[in-house]
Amino acid sequence: MEMSLLKALIKNITSFLHLSFEDNKCCEIVEKYYIKGEQVLKLIKPVLESIVDADVASDESLQKEFAGMSQIVDELKEFLEDSDPLMSKVYFVLKAESLVTKVQTHGLDILDLLQSCEGLPDELSSASLDHCIQKIKQIGHEKPSAIISKAIKDQVEGNEPSPDIRSGIADLLSLKSNQELLIELVSLETLKENAEQLENTRDAEYIEEMISFVTHMHECFLEMKQSQSSNTVPVPPDFCCPLSLELMTDPVIVSSGQTYEREYIRKWIDLGLTVCPKTMQTLVHTNLIPNYTVKALIASWCESNNINLPNPVKPMIHREQDSLVNHTRSSSEESMPELENESDELTESPPRKEFSGGPSAISPTRNESSTGAGLDDGSNEESSPQAATGNTSDAGEVAGEPQPVVTATSAATQPDPHEYSPRFRNRPRNQIWRRPSERFGPRIISSVPEPRPELGEIEIKVKQLIDDLSSTLLETVKNATFELRLLARHDKDIRNVIANNGAIDLLIGLLYSPDQNVQENAVTALLNLSINDINKTTIGNSNAIEPLIHVLETGSSEAKENSAATLFSLSVIEENKIKIGRSGAIGPLVDLLGNGTPRGKKDAATALFNLSTFHENKARIVQAGAVRFLVELMDPAAGLVDKAVAVLSNLATIPEGRARIGQEGGIPMLVEVVELGSARGKENAAAALLQLCTNSNRFCNMVLHEGAIPPLAALSHTGTPRAREKAQSLLSFFRNQRHGNGVRR
């Protein structure tokens, strides 16, 4: 058996050394790390082969090293084999270097052990082993991962890496073009989602730090391209392709509602990338719809500025570094019926300035998708609970709802793009909008069934634990609350057993406990119990609201989070919404919304959403100062855009809510969500804007001034049924206003 471990190691090394990357289209960095591993293994393999028949091979310490090294070699081999052109290069370097270092460490440990062993073959002299050790130590002396790790750490701590460091990392990883940086971000997002699905919180958080660093690199790249622009006339960012950063000649819309240059987005999709480069949303289909309105606007702008429109993009490859594998072009492109065409014929103009088609001098990341404007009017209804829970799918929408009739407006009736995009001159945002996964660590609550003893046995245990809740001994109470907290996780039957034996009243009383652990366990146990609908009513009728408010005001971070989550759970019952709103809970929830942990803010926003669906609570939420915090949470970096917009959409249905949204700077953010948010976020943002515009002439002008028409036009074709309705109503309202119809205030 001992010999099999050594032979298995030699077999794994041989298999590794037979790897070939000649036909592999991956970047050079993969081969670089293969060579490092190869150098180590070529030095250690002859040594291992020479001791196969020696007694020393049965040494217990060596056996452990053989097993450990065999596992690492196999892991490194699989990791290199799994590399592909669309992998994350940052993650690859950090992982590959770690594995190669482990191979080196195991190799050195084996050689060190052999030096102290007796009975070695003659060819393994102490001098030869020492020579081998020195050679292995010299391999891969430079550690690029250390530079990358330090840059990521500095970025997280707010110390931006220097331009030289960023440039060095970009050269090392071949992240020197806009497309390469965007692909890197897509790859990291995928890795992060995978880690979260496996509940690997530590990896997910570190990958999030990598995303933050690469996002910063991308922002710096865009700023550099902007500063290098030689154009004398600034190009409206709406007219630049987010991939090429150049003026579009053949703009098309993808399923996310964003507009791109046809050849660039087609190449992106042909690479196998199925997310929108700008919003990072999954593309539900790969059809490319001609954007005639933006095309006409670009032509009109070129004519107004006496600039020749560039020829349609063809020689793309020499402008973008492109070592990626060529995939077969998607056959589904243009299979969707085109929008109703409008005249694209433009009259010839006098000789014009030559235009390089380079990046915008304003903000090259900005691109406002535009199609036509619908004509239907509509009124806002309150946001759905689906929006508050972060579900961005279209589940729950009526299947087969008729599509609205769409007619594309002519270029002559379109507004001047400069008039409608001023916010990007003064407030450029290079932030990449991603649909954030839940980045917060797992709560102890769970409704997934787990193996458990028979209910009869559990009930005996539960009764004892409930008796212990009344104990005068603190440790006994701590243990009882903790065990009930865990038991309440398991399933519906166990939760009913706990509730039916009188635990709820005792747990509510312990919310006032001065002991932090007891209070945390008690509130979390109540949260878990409230999963059952019958317990929601029982807890609400047991005078739990005021004790939960006490926890919100005085508890630890975890206790506050779970208190807010409990209030959210209870507020599913209509009667509890009234009780919670009238009990004074809204103020502490708003405080948690503004000053809590990321998890606390999420729980507070979700609770406030449910409460805001009851009319009398809306004014309370506004008066408590929630709007300012909700506007702040519309920054995509917070990861709570959808929840914040859902609450604001409900608050926009009352006058004081609309006034506060305008005062707190919410209108630019809402317009930005309409363009860049998730499907549900766009829907609720459009609903809020409809309320703002139809009730205030001043707010209507502000919305127009923020450049809302192009993203609303795109949303009128690509959004959910409710989003399309709201966008069409707004566009119709704007059109009627231009034709002389008044608006209130």
Item checked: Selection within region 701-718 - more than 26 Å from the chain's Cα centre (by Cα) and surrounded by 23 or more Cβ atoms within 10 Å (Cβ to Cβ) -> Val703, Ile709
Next item on the list: Please enumerate the residues belonging to region 528-540 that are in a helix (DSSP H, G or I) and either touching a strand residue (DSSP E or B) at 6+ places or on another chain (Cβ under 8 Å) or open to solvent by less than 10 Å² (accessible area, probe 1.4 Å) (or both).
Entry: Asn528, Leu529, Asn535, Ile539, Gly540
Notebook entry, point to check: Regarding Leu173, is this residue modelled with pLDDT of 90 or more and surrounded by 16 or more Cβ atoms within 10 Å (Cβ to Cβ)?
Noted result: no
Check: within 12 Å of Val40 (Cα to Cα), without any contact (Cβ under 8 Å) to a residue 40 or more places away in the chain and surrounded by 13 or more Cβ atoms within 10 Å (Cβ to Cβ): does that describe Ile139?
Finding: no
Check: Quick one: which of Gly681, Gly662, Gly639, Gly677 is of a type in the set (Gly, Ala, Ser), at pLDDT below 95, touching a Ser or Thr at 6+ places or on another chain (Cβ under 9 Å) and more than 25 Å from Thr282 (Cα to Cα)?
Finding: Gly662
Note to self: Can you say whether Asn517 is part of a helix (DSSP H, G or I), modelled with pLDDT of 90 or more and over 30 Å from the mean Cα position of the chain (by Cα), as far as the supplied structure shows?
What the structure shows: yes
Check: Does Ala619 count as touching a Phe, Trp or Tyr at 6+ places or on another chain (Cβ under 8 Å) and farther than 23 Å from Lys682 by Cβ?
Finding: no
Checklist line | Residue match in region 150-162 (condition: surrounded by 17 or more Cβ atoms within 10 Å (Cβ to Cβ), touching a residue at least 60 places away in the same chain (Cβ under 8 Å), among the hydrophobic types (A, V, I, L, M, F, W, C) and not in a loop (DSSP other than H, G, I, E, B)) | finding: yes
Next item on the list: With the checklist (1) open to solvent by 20 Å² or more (accessible area, probe 1.4 Å); (2) assigned to a helix (DSSP H, G or I); (3) not polar (S, T, N, Q) in hand, flag the one item Ala96 doesn't pass.
Entry: (1)
Checklist line | Residue tally, condition assigned to a helix (DSSP H, G or I) and in contact (Cβ under 8 Å) with a residue 40 or more places away in the chain, over region 652-707 | finding: 33
Notebook entry, point to check: Regarding Ser128, is this residue in contact (Cβ under 8 Å) with a residue 24 or more places away in the chain, in contact with a helix residue (DSSP H, G or I) (Cβ under 9 Å, 6 or more places away or on another chain) and of a type outside the set (Lys, Arg)?
Noted result: no
Note to self: So the check is Cβ under 7 Å with 6+ separation or different chains; which pairs have a first residue in region 21-45 that's at pLDDT 80 or above and a second one that's β-branched (Val, Ile, Thr) and in a loop (DSSP other than H, G, I, E, B)?
What the structure shows: Lys36/Ile139; Gln39/Ile139; Val40/Ile139
Next item on the list: Scan region 582-615 residue by residue and report those that are in contact with a Ser or Thr (Cβ under 6 Å, 6 or more places away or on another chain), over 17 Å from Ser556 (Cα atoms) and open to solvent by 10 Å² or more (accessible area, probe 1.4 Å).
Entry: Asn610
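The values are calculated or read from the model by the stated rules, or taken from the named source; none is laboratory data. Just so we're clear, the structure is a prediction, and the values are computed from it rather than from any experiment. Positions of Cβ are generated from backbone atoms using ideal geometry, with glycine treated the same way; all protein chains shown enter the neighbour counts. Remember, those area values only see protein heavy atoms, side chains included, never the ligands or the DNA or RNA. Shrake-Rupley method; radii C 1.70, N 1.55, O 1.52, S 1.80 Å.
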